[in-house]
Amino acid sequence: MSNGTVLSLGKAGLSEELIIAKINTEPCGYDVTTSSIIALRGAGLSDKVISAMVIRCASSSQLQGVAGNDSSSDPRVRHTPGIYVMESWLTPTALQPIKASRSGGIKTSGNGSIVFPLVEKLVVPGGQSRMPVLASNPVFYFYFNPSDQKVSGFGSEASEGTQSPDEFSLVRLKTKKDARELEMGRASAYGGSLVSFRKGLSLKSAIKFDVQEMESGIYRASPISPLESGEYAFVYTGGEGSRIYDFSVNAASIQAVAR
């Protein structure tokens, strides 16, 4: 909704209550500068309606992050929704967003027997992540917008809403030539009868991590045990696809930074 939309609703004869209810359910798209507020009042909008527009935009700015906040290294300053890693190995430290990687699809192997079970693997293109993490105990920050119930805007895969890091899994990816893989399901049968079936991430690839809520929509997350060299990712599975926030840990690089 814009200033013009609200003016149109007023001219259509809708009540203050109905216009304000509509304002409260839509993202801020209003110009609420001083000159625009004066113009809105002159066009006949009531103080209550204009006040609702101003409050809605102020709330949106606080939740989504105002311009310039993404450059702040203070984790308590609200950033654009997403997953960030604290680059503690830099001077000064910095919060760097981890952009989601597109899934390369599902790879299936095996024939479904006990010896060769049918295995489904999520494929991530590229043998190595473009996000290096030079710390064995990295600290991550999750920023959500509590008002829109959508997962971070990074990446392109569709997914349902999520509001907590607990809905993500921290996993280690297996490197296979020019791709990385993550087991998503396994099934085997004997004599035509289903012997075992599992749908979802393999427990062998999952890594425990601690989550602390700093304030509404801001969470601090860190692995409980140090990470070895390898390929990792925070993965969210839901809706029609998966979100994969991948990163690499290299022990040699970590030791070089320490020296």
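The values are calculated or read from the model by the stated rules, or taken from the named source; none is laboratory data. It should be emphasised that the depicted structure is a prediction, and the values quoted were computed from it without experimental measurement. Here the Cβ positions follow ideal geometry from the backbone for every residue, glycine too, while neighbour counts run over all protein chains shown.
Things to note:
- Looking across the range 51-77 at every residue that is assigned to a loop (DSSP other than H, G, I, E, B) and modelled with pLDDT under 80, the one that is surrounded by the most Cβ atoms within 10 Å (Cβ to Cβ) is identified as Gly65.
- Residue list for the range 28-45, filter: surrounded by 14 or more Cβ atoms within 10 Å (Cβ to Cβ) and either within 32 Å of the chain's Cα centre (by Cα) or among the basic types (Lys, Arg) (or both): Cys28, Gly29, Tyr30, Asp31, Val32
- Test: residue in the range 95-111 that is among the polar types (S, T, N, Q), buried (at least 19 other Cβ atoms within 10 Å of the Cβ), touching a strand residue (DSSP E or B) at 6+ places or on another chain (Cβ under 9 Å) and at pLDDT 90 or above: no
- Here the range 6-28 is the region considered, the condition is being in a loop (DSSP other than H, G, I, E, B) and free of Cβ contacts under 8 Å to residues at least 60 places away in the same chain, and the residue that is nearest to Val54 (Cα to Cα) is Cys28.
- Among (1) in a strand (DSSP E or B); (2) modelled with pLDDT of 90 or more - the single one Ser129 does not satisfy: (1)
- Looking across Gly153, Gly161, Gly191, one residue alone is among the small types (Gly, Ala, Ser), on the phi > 0 side of the Ramachandran plot and modelled with pLDDT under 65. It is Gly191.
- Any hit, the range 222-231, residues being touching a Pro at 6+ places or on another chain (Cβ under 9 Å), assigned to a loop (DSSP other than H, G, I, E, B) and at pLDDT 80 or above: yes
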